[in-house]
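Nothing in this text is a laboratory measurement; each read-out follows from the coordinates by a stated rule. Model, not experiment: these values are computed from the prediction. Cβ coordinates were reconstructed from backbone atoms using ideal geometry, including for glycine residues, and neighbour counts include every protein chain displayed.
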Amino acid sequence: MVVANSAGGETRVTLHYDGGRHRYAPWQAQPGSPVQRLAPDQVTLAPDGQAATIRLPAAPVQLLIAQPPESLDDVLAPFEARVRAGQLQRVDVGHSLARRPIASYWHRPPAARGTIVLITRQHPPETTGPQAFAHFTDLILGDSVAARAFRANHALMIVPLANPDGFVLGHWRHNLGGVDLNRDWGPFTQPETRALGEAMVRAAGVAPILAVIDFHSTQRDVVYAPPRPSGPDLGEAMLQAIASDLDGASIRIDRAHNPGNGVLKSSARDRFGVGALTWEVGDDSPAERTRRLAEAAALALMASARSERTMR
Ligand SMILES: [Zn+2]
């Protein structure tokens, strides 16, 4: 619920989160001017965190938003550019409830020994996870010797926007069916999870899935990595490598495994027997730290794949 009133050249907006809590430091814009993050003293939280009062200068029209606006085109543009350049192939694996395409981008070398699945934006307002995803995919799709060698042997399934309806409509977590997609990997009641899940099964039929990394945001940096299954585990090798490489800035690793809870990483771990991770980036984690961690992780994934290969 939103309550607004204006007095003395100032507008006060109170956001009441029914059953939820204030999460994002809000941004504000007036028509024709760029969005700006509000100063901390413009936002007052209720002691229980379930309401926030925001002070704004009086203006006839203004926009108050949780995150700076992005369009579908903004999100897909880097991958569309790689399609035009001939590096990736776009495959729309299905449609959302509102018939928006579920775009996936593929790199498929002729003799791939495995497939890596990279996915993000199941939850619309989470933007720092997608930043890590962007740096991670940039590095793996880049021109370095390591990236080229990795791509010679590995297929990539890249999903930049798993929940296009929720993203366009500004949903907090759900798709248009009112379902949190990251609780639907298992029941598969929604077209988005069904289409993506079926695409993963088809991919696994061509070259086994070796790792699934699902990028999200939450209050802090943490990677949810269920205990490793038997056999080679590329995701685990990657985590071990960045834990020692980036000592001071190492990320917390949470080993919780709740099979059957409909979370992608649990479902992928149990269906494909691979190291599947939920990579959560803190809402307020510095962009530079996120970039360093994502790039270190991408390098570590490629190095782990290389050393696993030489050990065989
Ligand atoms: Zn999330």
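What to note about this one:
- Likely footprinting exposure, 65, 242, 116, fewest C-beta neighbours within 10 Å first: 65, 242, 116
- Mean Cα-pair separation over length for the range 1-115, i.e. relative contact order, pairs under 8 Å, 6 or more apart, %: 20 percent
- For residue 37 and residue 138, the FRET efficiency from 1/(1 + (r/R0)^6), where r spans their Cβ atoms and R0 equals 30 Å, is about 0.75.
- Shape metrics for the chain, restricted to C-alpha atoms - Rg then Dmax, Å: 20.6, 74
- Hull volume in cubic angstrom per residue (convex hull over the Cα atoms of the range 2-65): 86 Å³
- Between residue 189 and residue 219, the simple label model (points 7 Å from Cα in the Cβ direction) yields a spacing of 2.8 nm.
- Cα convex hull, the range 262-312: 72 Å³ per residue, rounded to a whole number.
- Highest-first packing order for the peptide set 214-221, 255-262 is 214-221, 255-262, based on the mean count of other beta carbon atoms within 10 Å.
- Relative contact order %, the chain, counting alpha carbon pairs below 8 Å whose residues are six or more apart: 17 percent
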